[in-house]
Amino acid sequence: MMARRGGKRIRMDDPPPAPEYDEMHSDALNESTSDADSPTKRMTRLRARGGVRDKPPIIDDDEDEFFAPVSRKRKTPQTRKPPAERKERIERPRKEPVEKTHHERIDNEREITTDENSLYYIVRHSKNPIASIVDQWIGQYKANRETALVALMQFFINASGCKGKISEDIQYPVDHTAIIRRMTEEFDEESGEYPLIMTGTQWKKFKNNFCDFVQTLVKQCQYSIIYDQFLMDNVISLLTGLSDSQVRAFRHTATLAAMKLMTALVDVALLVSNNFENAAKQFEAERVKSRDRRASDRLDSLMTKRSELEENMDEIKSMLTYMFKSVFVHRYRDTLPDIRAICMAEIGIWMENYPQNFLDDSYLKYIGWTLHDKIGEVRLRCLQSLLPLYDKDELKGKLELFTSKFKDRIVAMTLDKEFEVSVHAVKLVISILKIHPEILADKDCEIVYELVYSSHRGVAQAAAEFLNVRLFHLTADMEETKTKRGKLRLPNTPLIRDLVQFFIESELHEHGAYLVDSFIDSNDMVRDWECMTDLLLEEPGPNEEVLDNKQESTLIEIMVSSVKQSASGEVPVGRASNRKFTLSSKELKAIQDEKVKLTEHFIVTLPALLEKYQADSEKLANLLAVPQYFDLNLYTTNRQEGNLQALLDKISQVMCMHTGREVLETCAKTLECLCAEGSATYTRCNIARSNIIESAVNKYKDTIVEWRNLILGEETPNEDDIYNITIALKVLSILYSSHNLNSWDLFKSLFRDVEEAQCKDNVERCLPNEALAYCIEACYFSISWGLYYVENDCEALNVAEVVAELRSNLDSFMSACFELTRDGPTVQIQEAAYQSICDLLIIYSDQLARSDSEHIRSLEYKSRMDEHLILDNFVQHYVFSLKQVVAQDETRIEELHKKRNFLACYCKLIVYNIIPTMRAASIFKYYCYNEYGDIIKATLGKAREINKVNFAMTLLLSLITVFKSLQEQSDDGIVSKSSQEFIDLKELAKRFALTFGFDALKNRESVAAIHRGGIYFAANKQPDDPVRAPTRILFLEVLNEFNYKLLKQDKKVIMAFLDKVIPPGMPSSRAEEWQPLILYRNSLLHGETDQAPVATRRAYTRKRRDHDEDDEEEEDEDEHNDPDYRG
């Protein structure tokens, strides 16, 4: 598609140009140079290149074909020799890297030059301001410009990390190509590092000083020196040649210098342009004066000044155009991402500072093309360059064509895998929405809408800002509404209604906390609790819609999520953020203020809300959580004891009326918060808590006595009896989770039913399954509270007796739970027993052995191997069972969540070293399962930290277990190497190998242990026929996946071990069955593994001599191809 702009056709929607060099246009270069030869005219840069143009040589003057993405061969300019010709580039193979300590390497890098008078040394080490260093150099330049120029060129060479020295007696005009060739030959690429990529504060400072030096140099020379046809000619020529080098250090450093030089020239151009306009205005004002009032000498002076400024302007534009074509056009698609990022960052500055020349579609397209870059940092620089342009209203006309062409790409970048890129893309879409709202279609906006639920907080908040601009903002045409009793609705009412509807239409239920977190810092409607409670409590007026049940539930969820985050300052679980973990005093003060504000409001309104929705479990579960975030002291300071009592009465009523687990758990937790010791409300709330617990305990005792009497009388309990005992135990268990009920002495009664279930003598006498599961939970909480009591509240006189009883209860309960986990009557009971065991093993683990108290040390529970096996079998059966239950999505998700929880319980025991790491072998073999991969990956990492060798042997055991199972599945005990199962086993080994990271030195012992154990396993089972290969020899192919983790010297050790176990002469024939051994042996000898080795820092490597001729020809071709451009 073509689009006309300024009389020129600009192709904006074509892909980026092909990677060959674009030709440097020679329309100016081919013109006559007669002006330059004239002795009466000043030699300017424009004249030296072929005459002054009538118009500034901006890109529009070039041919259309320059912008079309076609491959073109590079032409040689006819009047000016390029600074560095391609044919003269020399690529030197790098030397093998030498192992050095960190400090030795730093010292070596500091010795790029030891000349304390060199510019590099001064810029790098001097504490003087950059401006004074530049002034000192200018003084040298005015005294002897040739010597100063050599010093400046040497600075750029040294800044590239090259120790080569430019001779001071060079011939003029300078042959920069020869200098670059000689510097390339002298370049020591031993480490592959150079100042711009080195890490550390000192190198970061040098990079900043380097950029400042280049820009300050131009700024200080802007009035005369840059126009002397000597300094800028030589500097630009040198930087252009270096930026074209195959040596990455030269290319990177020169490109940065050239781009900063252009940025400084843009600032000069802007200043000259302003001065020219002022001079033109003064000249015109003087010219229109009458002859008798006009000063002829002033008119001549102004004319001369205007001419000089115009010539200076043309010369600066000529420099900018030449550098743009010679450096930017080639480097913006360099293979090095850092170079591409520099180009994109600087072109944005040029466009922002000097839009009249650079903010043009012919320049903007380079940013548009680079939006597709594969590297996130480069894409980010593109967006950062565009954002300031869209923020200026006066520039929106020049961005219209660019926006229409690249809008789809910008919208797609809101879903970028790099979160920072995504954030900036959303911000850019917001800017587009503000200046060109008609360009964004509804489907574009919907893409951004969904990002408010993103797991990354920055992305979500940026998307919320987009919604604020498009939907959630107050407008003048919004009508005021009133409630049924005539109360005026608050201004945010329509916005909150829209937010509720937006959440419902998103169909992402249970994500209200994410939605609130997205808006909480940008829109005060989510904290307008008065408006929300008015919508819930006040009856709608005549012109208002009634909130339906779904809308009410959604509004309550949003309101409670807002209360929680406002009072705690915590972001929702699972939402990543770059935020620091410690809050500042100012942030803590703001949170406390919000807490006071919400407490004052909900102290009054919450009882009315609970009264209205007392029959709705879902709404109650949310509303009852609100008091957990109160500032309880306000009940007394504001004299709101009546509302406190009303709240306590409601909680007591709910505990009696409702049976839903979520509502009861919220009540118990809220009651715990209200009974915080030291608060002014403690006494009143503690009395209410005691009454609630007493009621629940009495109900349990009554129902359990009735149940046991029924069983003793050999009567069959009816549905009411089953319901009553189940609910009584449910309430008791839930209260036990938040409150210590041990003072009611319930353990013996509770454990009696657990024991009866364990014995299996009279199954019909056992409690119902659900009731028994609650009974197991209550016993677990009783034992947990027992340890808490011993550690915190127990008197010294009674501690021995209490500990003895607790130890007895712990042993009895654990024994019963292990038995129920192994052979429980139902899955529900097995699950409850399993979870109780896992939690108690952590609570009563070896951490107690480090206590100062002998009594507490005696409570440590040491599990046995047979108990570990019971837990392992449970996980294998219930988590990794092959049974696929066909169910609805919601049920399937709940089932998966339960299985993940079981697996996490087991993995915690491994992570805390409560059970041996070797027990994880049966878990690690499922590493490739997508449903559990994250849990197993975290366990792998923690297990490696415990003991690297044990961890390695566990991985080996896991692989051996899978291999043996494949042997058992085959008829003849031979595993087929082409089977999918064996391919999956190799993939598992490959993923195991990746867990060792990149530091082979740290893991050499553990990797070697894997190889030794694997070799022993593969060779251990010999067939009867001595000619035949061992039946497990195929396992060596699995072991091969770990070869690239071996150090070179360790490969020799493993080779010797292999020859010892399987002598080299054993494979008497080249039969197919011996191929795994041959492959493994060759891999150890030559390092030819299926897995590519980790890339080193060296940019160039030597060709292997054993490559075939075709490979050598391909590499030779690659060497002569230009590697600097992306294909």
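Among the residues of the stretch 676-695, the ones that are under 21 Å from A778 (Cα atoms), open to solvent by less than 20 Å² (accessible area, probe 1.4 Å) and touching a Cys at 6+ places or on another chain (Cβ under 9 Å) come to 1 in all. Of the listed requirements (1) closer than 21 Å to G139 by Cα; (2) without any contact (Cβ under 8 Å) to a residue 24 or more places away in the chain, N278 misses just one: (1). The set of residues from the stretch 431-475 being closer than 13 Å to T414 by Cα and outside any helix (DSSP H, G or I) comprises S454, H456.
Taking the criterion of being polar (S, T, N, Q) and either under 42 Å from the mean Cα position of the chain (by Cα) or modelled with pLDDT of 95 or more (or both), the residues of the stretch 816-842 that qualify are T821, Q828, Q830, Q835, S836. Looking only at residues that are over 23 Å from L149 (Cβ atoms) and outside any loop (DSSP other than H, G, I, E, B) in the stretch 239-266, which one is least open to solvent (accessible area, probe 1.4 Å)? Among those that are over 23 Å from L149 (Cβ atoms) and outside any loop (DSSP other than H, G, I, E, B), it is V266. The residues listed here are N698, N718, N709; of these, the one that is at pLDDT 95 or above, surrounded by fewer than 17 Cβ atoms within 10 Å (Cβ to Cβ) and either under 17 Å from C779 (Cα atoms) or of a type in the set (S, T, N, Q) (or both) is N698.
Residues in the stretch 965-995 that are assigned to a helix (DSSP H, G or I) and touching a residue at least 40 places away in the same chain (Cβ under 8 Å): Q967, F982, D984, L985, K986, E987, L988, A989, K990, R991, F992, A993.
Scanning the stretch 380-394 for residues that are part of a helix (DSSP H, G or I) and open to solvent by 10 Å² or more (accessible area, probe 1.4 Å) turns up L380, R381, Q384, L387, P388, D393, E394. Of the candidates L772, L729, L767, the single residue that is of a type in the set (A, V, I, L, M, F, W, C), more than 22 Å from L787 (Cβ to Cβ), touching a Cys at 6+ places or on another chain (Cβ under 9 Å) and in a loop (DSSP other than H, G, I, E, B) is L767. If only residues of the stretch 945-964 that are polar (S, T, N, Q) and part of a helix (DSSP H, G or I) are counted, the one that is surrounded by the most Cβ atoms within 10 Å (Cβ to Cβ) is T954. For the stretch 785-801, a residue qualifies if it is assigned to a helix (DSSP H, G or I) and surrounded by fewer than 18 Cβ atoms within 10 Å (Cβ to Cβ), and the qualifying residues are Y788, Y789, E791, N792, V799, A800, E801. Residue selection: F998 fails the criterion of being open to solvent by less than 30 Å² (accessible area, probe 1.4 Å) and either part of a loop (DSSP other than H, G, I, E, B) or closer than 26 Å to E1073 by Cα (or both).
Scan the stretch 592-606 and give yes if some residue there is open to solvent by 40 Å² or more (accessible area, probe 1.4 Å), in the same structural domain as E530 (by the TED database), farther than 24 Å from Y682 by Cα and not small (G, A, S), otherwise no. No, because not a single residue in the stretch 592-606 is open to solvent by 40 Å² or more (accessible area, probe 1.4 Å), in the same structural domain as E530 (by the TED database), farther than 24 Å from Y682 by Cα and not small (G, A, S). Return yes or no: is M532 farther than 29 Å from Y390 by Cα and in contact (Cβ under 8 Å) with a residue 24 or more places away in the chain? Criteria met by M532.
For residues that are closer than 24 Å to S506 by Cβ and touching a residue at least 24 places away in the same chain (Cβ under 8 Å), tally how many sit in the stretch 435-448. Matching residues across the stretch 435-448 total 5. Listed by first and then second residue, the pairs with beta-carbon distance under 6 Å, at least 6 apart or on different chains, first residue in the stretch 487-498 and surrounded by fewer than 17 Cβ atoms within 10 Å (Cβ to Cβ), second among the basic types (K, R), are L488/K482. Would you confirm, using the coordinates I've provided, whether Q136 is over 17 Å from F230 (Cα atoms) and open to solvent by 30 Å² or more (accessible area, probe 1.4 Å)? The answer is yes for Q136. Among residues of the stretch 1007-1018 that are assigned by the TED database to the domain that holds E1041 and under 14 Å from L1046 (Cα atoms), those with a beta-carbon under 8 Å from a residue that is open to solvent by 10 Å² or more (accessible area, probe 1.4 Å) and basic (K, R) at least six positions away or on a different chain give the pairs V1007/K1045.
Matching residues to (1) crowded, with 18+ Cβ neighbours inside 10 Å; (2) over 20 Å from N234 (Cα atoms); (3) small (G, A, S); (4) out of contact with any His (no Cβ under 6 Å at 6 or more places or on another chain):
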| residue | (1), (2), (3), (4) |
| --- | --- |
| H176 | yes, no, no, yes |
| E186 | no, yes, no, yes |
| L196 | yes, yes, no, no |
| Q202 | no, yes, no, yes |
| F206 | yes, yes, no, yes |
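For first residues located in the stretch 870-890 and surrounded by 12 or more Cβ atoms within 10 Å (Cβ to Cβ), partners that are modelled with pLDDT of 90 or more and among the polar types (S, T, N, Q) and lie 6+ apart or on another chain with Cβ distances below 8 Å form the pairs I870/T821; L871/T821; D872/S922; F874/T821; F874/Q830; V875/S922; Q876/S922; Y878/Q830.
Looking for something touching a Cys at 6+ places or on another chain (Cβ under 6 Å) and within 24 Å of K986 (Cα to Cα) - is there at least one such residue anywhere in the stretch 937-952? Within the stretch 937-952, one or more residues are touching a Cys at 6+ places or on another chain (Cβ under 6 Å) and within 24 Å of K986 (Cα to Cα). If you check N543, N549 for being at negative phi and modelled with pLDDT under 90, only one passes: N543. Within the stretch 759-769, none of the residues are open to solvent by less than 30 Å² (accessible area, probe 1.4 Å) and among the β-branched types (V, I, T).
Only one entry in K365, K325 is closer than 24 Å to I236 by Cα, in a helix (DSSP H, G or I) and more than 26 Å from the chain's Cα centre (by Cα), namely K325.
Filtering the stretch 337-360 to residues that are assigned to a helix (DSSP H, G or I) and of a type in the set (A, V, I, L, M, F, W, C) leaves I339, A341, I342, C343, M344, A345, I347, I349, W350, M351, F358.
The set of residues in the stretch 615-626 being farther than 18 Å from I558 by Cβ and touching a helix residue (DSSP H, G or I) at 6+ places or on another chain (Cβ under 7 Å) consists of S617 alone.
The values are calculated or read from the model by the stated rules, or taken from the named source; none is laboratory data. Since this is a predicted model, take the numbers as computed values, not measurements. No Cβ is skipped: glycine too gets one built from the backbone with ideal geometry, and neighbour counts run over all protein chains shown. Just so you know, the surface numbers come from the protein's heavy atoms only, side chains and all, with ligands and any DNA or RNA stripped out. Shrake-Rupley method; radii C 1.70, N 1.55, O 1.52, S 1.80 Å.
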